[in-house]
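Chemist: Pasting in a structure now, in structure tokens, and then I'll have a few things to ask.
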Amino acid sequence: MTSLPWLDPDQLWFPPADEALGDPDGLLALGGDLSTERLLLAYRNGIFPWYSDDQPILWWSPDPRCVLVPHDIHVSRSLRRTLNQGRFTITADRAFGRIIRLCATTRAEGTWITEDMIASYSELHRQGYAHSIEVWNRSGELAGGMYGLAIGQCFFGESMFSLETNASKVLMVHLANQLREWDYKMMDCQVESRHLLTMGARSIPRSEFLSILRACVGREPARHNWTFRWQWPGPEA
């Protein structure tokens, strides 16, 4: 780790993402800060922070990269039955503060979402870049949620939690279809998991991921706010 560049909080830059280490996979740089300007620069260049309270800020760009193209979302037969039941309602930006804190506190393995990160992403939310997606059950209680960043035609998923069975899967179906209607080209999932792969995500080389970013982060999507309009069409789907 001593050979990695240390970032000066007073200098806004990153080394190229393709200079990241192979072991640990994707570790690129240390230090810097969590200013909104640095975070936006990071995401536009395929980089994200991931560290714990006892570490300096660590910046990553893994290879390969897990992504979901919105029109590739997969709905299994069992998930289709859940969607047909209409157990959940999906909204956006109704409870950002609650969502990011639940993402931090509901993970059995611990969290990288420090108080500093909560403050920085909350400021990005106020600036219109960071968004929350909420899953509500029939009693009006939060059943799941997610937060991430929208830059150009790309959505960068950061963290997700689920308090009820299938809540996160229902969220993913609604999010992917809404992003498709808004002409988003890609959802960044960072690192693959079985859950994401079963939903239609796939891993691509970092070089391909960076190429997509260069083409899409500077383009405006076909939306001006984050009011969710897409709805599951029902049993006939």
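Here, each number is a calculation from the coordinates, and none is a lab measurement. Keep in mind the model is a prediction, meaning the values are calculated, not measured. We place every Cβ from the backbone using ideal geometry, glycine too, and count neighbours over all the protein chains shown.
Chemist: If amide H atoms are built 1.01 Å from N in the plane of the peptide, which residues on other chains or at least 5 residues away come under 5 Å of the amide H of M186?
Modeler: Under 5 Å from the amide H of M186 lie the amide H atoms of F155, each far enough along the sequence or on another chain.
Chemist: While we're on this one: Please work out the Cα center distance from region 49-114 to region 116-187, rounded to the nearest Å.
Modeler: 7 Å
Chemist: Still on this structure, I have one more. Rounded to the nearest 500 deg cm²/dmol, what is the calculated helix-only ellipticity per residue at 222 nm for the chain, with -39500 (n - 2.57) per DSSP H run of length n ≥ 4?
Modeler: Details: 7 runs with 71 residues, N = 237.
For the chain, the value works out to -9000 deg cm²/dmol.
Chemist: For the chain, what is the relative contact order in percent, using Cα pairs closer than 8 Å and at least 6 residues apart in sequence?
Modeler: 23 percent
Chemist: Apply the Karplus parameterisation 6.51 cos²θ - 1.76 cosθ + 1.60, with θ equal to phi minus 60°, to every residue of region 218-223 and state each ³J(HN,Hα) to the nearest whole Hz, in sequence, with x for glycine and proline.
Modeler: Here the 3J(HN,Hα) series is x, 9, 7, x, 8, 7 Hz.
Chemist: Take the alpha carbon gyration tensor of region 102-156, find the square roots of its eigenvalues, order them as a ≥ b ≥ c, and report rounded if a/c is under 1.5; if not, report prolate when a/b exceeds b/c, else oblate. Please list the in-between numbers first.
Modeler: Details: a/c = 1.99, a/b = 1.21, b/c = 1.65.
It is oblate, given that a/c is not under 1.5 and a/b is not larger than b/c.
Chemist: Which order do the peptides 144-155, 178-189, 48-59 take when ranked by the mean count of other beta-carbon atoms within 10 Å per residue, highest first? Walk me through the intermediate numbers first.
Modeler: Working: 144-155: 23.2, 178-189: 20.8, 48-59: 16.0.
The packing order, highest mean first, is 144-155, 178-189, 48-59.
Chemist: Computed FRET efficiency, Cβ-Cβ of E164 and R94, R0 25 Å: what is it to the nearest 0.05? Show your work: numbers first, answer last.
Modeler: Details: r = 17 Å, r/R0 = 0.69.
FRET efficiency, E164 to R94: 0.90.
Chemist: Suppose R0 equals 35 Å. What FRET efficiency, 1/(1 + (r/R0)^6) with r the Cβ-Cβ distance, do N137 and S207 give to the nearest 0.05?
Modeler: The calculated FRET efficiency here is 0.25.
Chemist: May I pose another question? Report the far tail of the P(r) of region 46-150, meaning the percent of Cα-Cα pairs longer than 19 Å. All intermediate terms of the calculation are to be shown ahead of the outcome.
Modeler: On the way: 3145 of 5460 pairs.
Summing the P(r) tail past 19 Å for region 46-150 gives 58 percent.
Chemist: Let me ask another. Evaluate the Kirkwood expression for the hydrodynamic radius of region 138-237, namely the inverse of the mean inverse distance over all pairs of different C-alpha atoms, and round to one decimal in Å.
Modeler: Details: mean 1/r = 0.0674 Å⁻¹.
Result for region 138-237 stands at 14.8 Å.
Chemist: Once the other residues with Cβ under 14 Å from the Cβ of M117 are scored (Lys, Arg +1; Asp, Glu -1), what is the net sum?
Modeler: Around M117, the charge tally is -3.
Chemist: All other residues with a Cβ under 15 Å from the Cβ of V67 taken together, and with Lys, Arg as +1 and Asp, Glu as -1, what is their net charge? If you can, show how the numbers build up before the last one.
Modeler: Values: positive: R65, R180, K185, R202, R206, R214; negative: D63, D72, E158, D188, E192, E208.
In short, 0.
Chemist: Measure off 7 Å from each Cα along the Cα-to-Cβ vector at R223 and S122, then give the distance between these two points in nanometres to one decimal.
Modeler: Label at R223, label at S122, 2.4 nm between them.
Chemist: How compact is the chain by the rule of thumb for globular proteins, expressed as Cα Rg over 2.2 N^0.38 Å? Could you put the intermediate results ahead of the total?
Modeler: Details: Rg = 17.5 Å, N = 237, 2.2 N^0.38 = 17.6 Å.
Its radius of gyration relative to the 2.2 N^0.38 Å reference: 1.00.
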